[in-house]
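Structure first, then comments.
The values are calculated or read from the model by the stated rules, or taken from the named source; none is laboratory data. Because the structure is a prediction, the values reported are computed rather than measured. FYI the Cβ positions are ideal-geometry reconstructions off the backbone, even for glycines, and counts take in every protein chain you see. Keep in mind that these areas ignore ligands, DNA and RNA; they rest on the heavy atoms of the full protein, side chains included. Shrake-Rupley method; radii C 1.70, N 1.55, O 1.52, S 1.80 Å.
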Amino acid sequence: MLSGKCVVVGVCGGIAAYKAAYVVSALKKLGADVRVIMTEAAQQFVGKITFQTLSQNLVVCDMFDEPKRWNVEHVELATAADLMLVVPATANTIAKMANGIADNMLTCVYMATKAKVIIAPAMNKNMYESDATVENMKKLAQRGCRFVDADEGFLACATTGKGRLAEPDKIVEAVIDELAFEKDLRALKVLVSAGATREALDPVRFITNHSSGKMGYAIARAAKRRGADVTLVSGKTALCDIDGVNMVKVESAREMHDEILKRSANCDIIIKAAAVADYAPASVSENKIKKTESDMSIQLCKNPDILSELGQKKPQGQVLVGFCMETQNLLENAKSKLVRKNCDFIVANNLFTKGAGFGADTNTVTIISSDGETFSPENMSKDDLSHIILDAAKKRYDEKNIM
């Protein structure tokens, strides 16, 4: 994702400096050219050999070290950077950055760079909430710096509160957001559904399916990375919330119906990747249903057809993408659904292909367009497939909305 991008990582002197090693490693695995600058204090927590090994570049520490080649080092780093990341950012370094103090290599590079800047603060709760730190962070934000807010939790000073460094994966995601993708979906509102619905039978039992939600979450994440304003209406999954996406959690098909329909008219692209139960128990017992010696039957009633209703109410210019999964006659059933539901595209899941189906990280699909085109990408990761689906939806949106 980050191939050809240079990320300059400034590491400050805090106990969370060891987590910066994970960030550097993750950025390197994504293909970035990572250059690390360590403050003098940072070297008291983690040795520079760690960062040199992980980044596969020499680490810069002292402004007055003899250069390995002739250049003005802080200017060279500032110019090379596509993005500068400060992690962990201490109250001291944040104060220097906010007030134009350039007394070490890290702050000199910050002063000299025109690159995007991400700051991940970590410090004691009282320091984080002090008027001075709040004012300094506000000043930097107004200048265009992006902050990855500190988390709440147990701190190294044996207190609990806000000031803990954000999880490394969240910091890496912020870098991906800034560098990895063209923001071709900026200003578009994208609504995605994902996961399985649960239809209650009694207080302890429910009817559901095997959907993991991975495909829908991948689409929402990809749309967010491409600049869209994304809402994800999610049934039950074991997946983490996506930072930067408006998360709406539901249980039943009717709840999902209501949450989607009240938002749908204002959306530019809707992608229905959720596995919604077609039927629900006609009645829900207030108490646990006791086992008896005789057989038991459950009367079911039909749930609302969300995709069909979206198709009927689709405003001019909106793009609607549906999913289907069949165990027989996949393409015939998918084409029929495309027409009946008034979709622009149907993504037909091939359940019986190796590496596809429920719970997998990869998928094999056929994408069928309302204009008759059919496209069958090879088996690939759901992240990569998400971009193919979004490419098709964006192209159709542009065609519908040419002025």
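Tabulated values for the structure
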| item | result |
| --- | --- |
| Some residue of the stretch 274-291 being aliphatic (A, V, I, L, M), in a loop (DSSP other than H, G, I, E, B), surrounded by 11 or more Cβ atoms within 10 Å (Cβ to Cβ) and out of contact with any helix residue (DSSP H, G or I) (no Cβ under 8 Å at 6 or more places or on another chain) | yes |
| Total residues in the stretch 223-259, condition of a type in the set (S, T, N, Q) and assigned to a strand (DSSP E or B) | 3 |
| Cβ pairs under 7 Å, 6+ apart, first in the stretch 271-291 and of a type in the set (Lys, Arg), second open to solvent by less than 100 Å² (accessible area, probe 1.4 Å) and part of a loop (DSSP other than H, G, I, E, B) | LYS288/ASP202; LYS288/PRO203; LYS288/VAL204 |
| Pick from the stretch 331-385, criterion acidic (Asp, Glu) and within 18 Å of VAL319 (Cβ to Cβ), ranking: nearest to the chain's Cα centre (by Cα) | ASP344 |
| Breaking point among (1) open to solvent by less than 20 Å² (accessible area, probe 1.4 Å); (2) within 24 Å of the chain's Cα centre (by Cα), for MET247 | (1) |
| Hits in the stretch 1-57 - residues which are without any contact (Cβ under 8 Å) to a residue 12 or more places away in the chain and part of a loop (DSSP other than H, G, I, E, B) | GLY47 |
| Scan of the stretch 142-168 for residues that are loosely packed, with under 13 Cβ neighbours inside 10 Å and in a helix (DSSP H, G or I), ordered by number | GLN142 |
| Lone qualifier among THR93, THR107 - being modelled with pLDDT of 95 or more, within 29 Å of the chain's Cα centre (by Cα) and under 19 Å from VAL60 (Cα atoms) | THR93 |
| Within the stretch 367-403, considering residues that are within 22 Å of LEU330 (Cα to Cα) and of a type in the set (Val, Ile, Thr), the one most open to solvent (accessible area, probe 1.4 Å) | THR374 |
| Any hit, the stretch 185-197, residues being surrounded by fewer than 16 Cβ atoms within 10 Å (Cβ to Cβ) and either free of Cβ contacts under 8 Å to residues at least 60 places away in the same chain or closer than 18 Å to ILE118 by Cβ (or both) | yes |
| Count - residues of the stretch 317-346 that are of a type in the set (D, E, K, R), surrounded by fewer than 22 Cβ atoms within 10 Å (Cβ to Cβ) and under 16 Å from GLU373 (Cα atoms) | 3 |
| Which numbered condition MET63 misses (of (1) at pLDDT 95 or above; (2) open to solvent by 20 Å² or more (accessible area, probe 1.4 Å)) | (1) |
| Filter pass, GLN312 being within 28 Å of MET247 (Cα to Cα), open to solvent by 40 Å² or more (accessible area, probe 1.4 Å), over 28 Å from the mean Cα position of the chain (by Cα) and touching a residue at least 40 places away in the same chain (Cβ under 8 Å) | no |
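To keep it simple, each residue is scored yes or no on (1) closer than 22 Å to VAL276 by Cβ; (2) assigned to a strand (DSSP E or B); (3) out of contact with any Gly (no Cβ under 8 Å at 6 or more places or on another chain).
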| residue | (1), (2), (3) |
| --- | --- |
| MET296 | no, no, yes |
| GLY317 | no, no, yes |
| LEU338 | yes, no, no |
| PRO377 | no, no, yes |
| TYR397 | no, no, no |
